[in-house]
1. Taking the options 45, 51, 10, name whichever one is farther than 21 Å from residue 157 by Cα, part of a strand (DSSP E or B) and in contact (Cβ under 8 Å) with a residue 12 or more places away in the chain.
2. Would you check which residues across the range 7-19 are more than 14 Å from the chain's Cα centre (by Cα) and more than 14 Å from residue 130 (Cα to Cα) and list them?
3. Among the candidates 102, 73, which residue alone is touching a helix residue (DSSP H, G or I) at 6+ places or on another chain (Cβ under 6 Å), over 28 Å from residue 4 (Cβ atoms) and not in a strand (DSSP E or B)?
4. Among the residues in the range 26-33, are any over 27 Å from residue 158 (Cα atoms), free of Cβ contacts under 8 Å to residues at least 60 places away in the same chain and surrounded by 14 or more Cβ atoms within 10 Å (Cβ to Cβ)?
5. Here is a list of conditions, (1) modelled with pLDDT under 95; (2) touching a strand residue (DSSP E or B) at 6+ places or on another chain (Cβ under 7 Å), and residue 23 meets all of them except one; can you say which number that is?
6. How many of the residues in the range 116-137 are touching a residue at least 40 places away in the same chain (Cβ under 8 Å), outside any helix (DSSP H, G or I) and either closer than 16 Å to residue 20 by Cβ or out of contact with any helix residue (DSSP H, G or I) (no Cβ under 8 Å at 6 or more places or on another chain) (or both)?
7. Any chance you could count how many residues in the range 105-115 are in a strand (DSSP E or B) and without any contact (Cβ under 8 Å) to a residue 24 or more places away in the chain?
8. Sort through 10, 51 and tell me the only one that's touching a strand residue (DSSP E or B) at 6+ places or on another chain (Cβ under 9 Å), exposed (fewer than 13 other Cβ atoms within 10 Å of the Cβ) and farther than 21 Å from residue 137 by Cα.
C-alpha cells in the first residue's frame, strides 16, 4: 500500500511536500544525490525514463535532469544550482523547469527519528501564479509515485 504524501501550501508562493521513509537519513540522502539511484525513482508515472541525470553535489554545482516518454519520445527537463549543502540534513537548490516561467528555490530537509526519515521539500516560487501552475501540473502525484519506487530502493540499500 502506498504511503501518503503530505502536500501543503504554507504561503501563497510555497508548496511543501513531506514523506516519511523507513530508512536512515543517509540512505534517503543517497537516493536524492546519486545519479544511479535518482534515475531509478524520480520518474513520475510509468512509461518515463531519465536519459540525463547529472549532479555536481557541491555548493555552486549544477544539476540537470531530462525525462523522456517511452511512448512518444516527448522530453522535458529541469536544472538548477546547489546553493547550500549540509550532508544528510539539507540541500537548497534553484530550479528551472522547462515549460514554466521563472525559477523556484527548493529546500529539502531530512529529519531522522528512530531509523525513519522524513524528507520535506519546500518549493518557493516567484509568484502565486507559478505556484498554482505547479500544483495543477500533477506534480505531487508524480512525486508520490516516485517516492513509492524509492521505498523499494531503500529496502535494497538497507540489505546491502
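1. When all the criteria are applied, what remains is 51.
2. Those that are more than 14 Å from the chain's Cα centre (by Cα) and more than 14 Å from residue 130 (Cα to Cα): 8, 10.
3. 102
4. For the range 26-33, residues over 27 Å from residue 158 (Cα atoms), free of Cβ contacts under 8 Å to residues at least 60 places away in the same chain and surrounded by 14 or more Cβ atoms within 10 Å (Cβ to Cβ): absent.
5. (1)
6. Matching residues across the range 116-137 total 10.
7. 4
8. The unique qualifying residue is 51.
The values are calculated or read from the model by the stated rules, or taken from the named source; none is laboratory data. None of the values given here were measured: they were computed from a predicted structure. Note: ideal-geometry Cβ built from the backbone for every residue, glycine included; neighbour counts use all protein chains shown.
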